[in-house]
1. Pop a pseudo-label 7 angstrom from the Cα along the beta-carbon direction at both residue 226 and residue 186 and give the gap in nm to one decimal.
2. What is the diffusion coefficient of the range 142-196 in µm²/s, taking the Kirkwood radius over Cα pairs and the Stokes-Einstein relation at 37 °C with a viscosity of 0.692 mPa s?
3. Greater than 27 Å separation of Cα atoms is the criterion. Which listed pairs, 62/102; 79/366; 6/264; 6/267; 186/306, meet it?
4. Which one, 143, 218, 319, has the greatest fluctuation when you compute a Gaussian network model over the chain with C-alpha springs under 10 angstrom?
5. With N set to the residue count of the chain, report its C-alpha Rg divided by 2.2 N^0.38 Å to two decimal places.
6. Taking the Cα centre of the chain as the origin, how large is its charge dipole in debye, to the nearest 20, when only Lys and Arg (+1) and Asp and Glu (-1) carry charge on their Cβ atoms?
7. What's the local net charge at residue 207, with K and R +1, D and E -1, over the other residues with C-beta under 11 Å away?
8. Based only on Cα atoms, what mean projected area does the convex hull of the range 196-260 have, in nm²?
Amino acid sequence: MEGPSKALLAFTGGGLALFNRGCLTDLASTHQLVFYGINRFVTQSGYELHTTVTESSKFSWKTFSDSGLLLVLVSQDDKADDRFNEGLLGTLYDAMVFILGKASLGSQMGVLRKLLPRIYGFLDFLLDDSPLPGVELGLLDFFPSTHHEFQDSLNGFCSDIGALHGVLCIHDKVAFATASWWTLDKHTQIAMTAYLRFLGQVDAFDGPIHLPEHESAFRLMVFQLFPGVIVGAVCGGEPPLQLVLDEAILPSWDPLSKTLALYKTPKQAFRLHKWVIAVMACERQFNRAVTHVQNSALVDGLHPTKHVVAWAKHSSDLFQPDADLQDHEVQEAYIVADTHKMFALRDGQVEVYIMLENQVPQYAMKAQALDVLQQFVAHMYGTA
């Protein structure tokens, strides 16, 4: 299918249509109001309805109480996962807050209409983009790196320019961040990394952003250090972008240029057996996920990451709450399909979801998952 397969409609709390983006940009305003009217009728009747299906599409919506906005997500896939749609609605709203701020989203109609065009490009990108696997689960996609000297350079760079927060992304995934960045709300972290992905291969960028933790606006400065390697810094009114380019970039990052060049192409996150098709390892405490695909061939018409994410959503529902477990009790689950096998393992805050070729013996599935878990823990805690 050409072009975006999703659309986003927005209404004020009073039912006035604000905009529609994505695959239904020519949707008549009368039809937009029908969606709003259905939601109002259901709500006033004392029912809860957040999604409905038509002959060829699925509609999901949510009202955000802090601004009063109603967002409606339209997917041309009538079998789209409800949890994914709900998560995407949240991501789209977080993106609006990140660029415009909550106060602006609650502005009067005339003021809001003038501000909204600033967010359209980012919203269109999110509607058309295939989100990274972690984002579909509300997690940060993490890029494990053993080059911990990057952390020291990032800390020094942010200190030199007076940045409040800093993050280094490798191939769109968070590799290193300042201690203060990790204290930000996870929705802000995901919105910021998505914005860095939206900016793409820009050499340098300087633009306003909003953090829900603060009332005033900040600046996000972005620099491409090497193809695939981007650093983002959250600053106040100073310093000017040109000053940073002239006096701070080279001293902080030029000594690492040879090491940065190693990341021109993505590196393998895990050492995997030939039976393994794809794997995702998650750390819930810090909302981080590492995904690696060893064989990207479609399976049953879907990319392996889609299978892994769907399996993660399904098997996480099967796991018992932590309070019901004994110390160090490991939980596991698996399924066997005609074309592949899936195995899930949970040990405390760490979860592993693995997709394997069908010929792997069932007794070997857990061993593969445990091996990935050990590598993941080593990456996360610096023992790799």
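1. 3.1 nm
2. Working: Rh = 11.5 Å.
Taking Rh from Cα pairs, D becomes 286 µm²/s.
3. Values: 62/102 16 Å; 79/366 31 Å; 6/264 32 Å; 6/267 32 Å; 186/306 23 Å.
Those over the limit are 79/366; 6/264; 6/267.
4. For the chain, modelled as a Gaussian network with Cα springs under 10 Å, the answer is 319.
5. Numbers: Rg = 22.2 Å, N = 384, 2.2 N^0.38 = 21.1 Å.
That works out to 1.05 for the chain.
6. Values: 27 positive and 42 negative charges, 102 e Å.
In total the dipole reaches around 480 debye.
7. Values: positive: 118, 219; negative: 206.
Taking every Cβ under 11 Å from that of residue 207, the sum is +1.
8. Details: hull surface 19.6 nm².
Taking the Cα atoms of the range 196-260, their convex hull projects to 4.9 nm² on average.
Read-outs: derived from the displayed coordinates by stated rules, not from any lab. Note that the coordinates shown come from a computational prediction; the quantities given were computed from them, not determined experimentally. As a convention, Cβ positions derive from the backbone with ideal geometry for all residues, glycine included, and neighbour counts pool all protein chains shown.
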